[in-house]
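This report refers to the structure that appears directly beneath it.
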Amino acid sequence: MNNIELLMPAGNIEKMRYAFSYGADAVYLGMVDYSLRTMRKGELITRDNLKIAVDEARRINKKVYLTLNIFAYDDDIKKLNDDIEIISDANPNAIILSDFGIYNTIKKELSNIDIHISTQTNTLNSEAVKFWRDLGAKRVILARELSFRQIENIRQNVPDIELECFVHGSQCMSYSGRCLLSDYMTDHKRKANHGGCAQPCRWSYKLIEETRPGQYYEISEDEKGSHILSPKDLCLVEYVNDLKNIGIDSIKVEGRTKSLYYVSAVSKAYRDVLDGKITAKEGYLELLKVGNRGYTKGFFLGDNNTDSYSYDISKGLAGADFLGIILEKKGSKYKVTFKNKVHINDELEIITPSYTAKATVISILNESRDDDTLANTNDEAWVEFKETNESLEATLWQKEYSWALLRTTGIKNCKLEGECAICE
């Protein structure tokens, strides 16, 4: 049985650090101009800090894969040639690509770096995997449109190349993400396959009859309109050990634009399931606490249907609110950057890479305002906690406080009534 790799997104360097701390074996990150995700904040991955990110990962025996998976024009290839020396100096563990022109450039100029074939290439069969293997690729990231049995069949037919599968995160309504909808609906200003997708599949649509201008009709019986193109998020936490058992080399989570909390909590859930610390059902309950549009197994069981689409929401709703990040400790108090409002006497969860503890806020020293009964969004304040359960395990989180995050307890809007005890 192989040790399957947990591969997480790293939208910036801070998220990379948290992904590694919470259990990722490797991350994928995109350099400006060549990535399918246009990042907006944080310490972005640029020409200046790419090597810093890769070197930092290597020091802790982790891996970094660089995504160069846009569909390239000649201008993009020229720009890539100008940046070859920067990529060579950074020396990522592999480059993820989908364009034949980028493939030729990397193969010619950076032959020492492994090549991973992006899911954007729609790899659906064994012969396609053999094609990429014979061309020199180290790994193929299979299309999300495959069922488990089809994945197993490919693994058996082509045992001598690494295979990677997506297991979690947002899905595109277009085949393997190859979509022109954003290009069309933004007058070509936001190209999906150049990292600028406006996500029009998440918009709410109404119907208009051409002889009745200005009269709009709901497509379905829903006061919010109809998100007819918006898929639910993929969640295959129940099947990661099945993928491990058939010899899949890497499982991948989507989400380079997601929050630091998302990256950490999802890493922890999948890591703990893979390591046998929690059951798959417990992992699923943990994943309900991060932003999602409802979960689906997609094509994995071979029965993808209308239940895979989210008809009522377009944005992910988290079952728990991300409350803050612990920065440092002095005595019994912790300095926290708050992401949501917290009051004195609020009960919350403190999560770390290894432990989760419930605690109550018993004091707030808020230097940014006179009121010490609350901390507001974006405040920095010193906080004292009292653990709800004073057992040894409940206090062990303090050893990892430098990676600790705060969130609300329970699961909001849970639809598993009667199926678990977590919300009781």
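The values are calculated or read from the model by the stated rules, or taken from the named source; none is laboratory data. All values derive from a computational prediction rather than experimental measurement. All Cβ positions, glycine included, derive from the backbone under ideal geometry; neighbour counts span all protein chains shown. Note: areas computed on protein heavy atoms with side chains; ligands, DNA, RNA excluded. Shrake-Rupley method; radii C 1.70, N 1.55, O 1.52, S 1.80 Å.
Give Lys289, Lys268 a once-over and let me know the one that is within 22 Å of Ile350 (Cβ to Cβ), outside any helix (DSSP H, G or I) and touching a Gly at 6+ places or on another chain (Cβ under 8 Å).
Step by step, each of Lys289, Lys268 is checked, and only Lys289 is within 22 Å of Ile350 (Cβ to Cβ), outside any helix (DSSP H, G or I) and touching a Gly at 6+ places or on another chain (Cβ under 8 Å).
Can Ser354 be described as within 20 Å of Lys399 (Cα to Cα) and either open to solvent by less than 10 Å² (accessible area, probe 1.4 Å) or in a loop (DSSP other than H, G, I, E, B) (or both)?
When the stated conditions are applied, Ser354 passes them.
Return the residues of segment 82-120 that are open to solvent by 60 Å² or more (accessible area, probe 1.4 Å) and part of a loop (DSSP other than H, G, I, E, B); say none if nothing qualifies.
Result: Ser111, Asn112.
Please indicate, with yes or no, whether at least one residue in segment 302-310 is crowded, with 18+ Cβ neighbours inside 10 Å and modelled with pLDDT of 90 or more.
Looking through segment 302-310, none of the residues is crowded, with 18+ Cβ neighbours inside 10 Å and modelled with pLDDT of 90 or more.
Quick check on Thr67: is it among the polar types (S, T, N, Q), closer than 21 Å to Ser264 by Cβ and surrounded by 20 or more Cβ atoms within 10 Å (Cβ to Cβ)?
Yes, satisfied.
For segment 346-400, which positions are of a type in the set (Ser, Thr, Tyr), within 20 Å of Gly331 (Cα to Cα) and at pLDDT 85 or above?
Of everything in segment 346-400, those that are of a type in the set (Ser, Thr, Tyr), within 20 Å of Gly331 (Cα to Cα) and at pLDDT 85 or above turn out to be Thr352, Thr360, Ser363.
Within segment 276-303, work out how many residues are among the charged types (D, E, K, R) and touching a residue at least 40 places away in the same chain (Cβ under 8 Å).
Matching residues across segment 276-303 total 4.
State all residues of segment 236-265 that are out of contact with any strand residue (DSSP E or B) (no Cβ under 9 Å at 6 or more places or on another chain) and in a helix (DSSP H, G or I); if no residue qualifies, say none.
Correct list: Glu238, Asn241, Asp242, Asn245.
Mind checking which pairs have a first residue in segment 147-169 that is among the hydroxyl-bearing types (Ser, Thr, Tyr) and a second that is at pLDDT below 95, Cβ under 9 Å, 6 or more apart or different chains?
From segment 147-169, the pairs are Ser147/Phe299; Ser147/Phe300; Ser147/Leu301; Ser147/Gly302; Ser147/Asp303; Ser147/Asn304.
Test Asp275 against the stated conditions and say whether it is more than 26 Å from Val383 (Cβ to Cβ), modelled with pLDDT of 95 or more and among the acidic types (Asp, Glu).
yes
When you look at Asp321, is it within 26 Å of Asn292 (Cα to Cα) and open to solvent by 20 Å² or more (accessible area, probe 1.4 Å), yes or no?
yes
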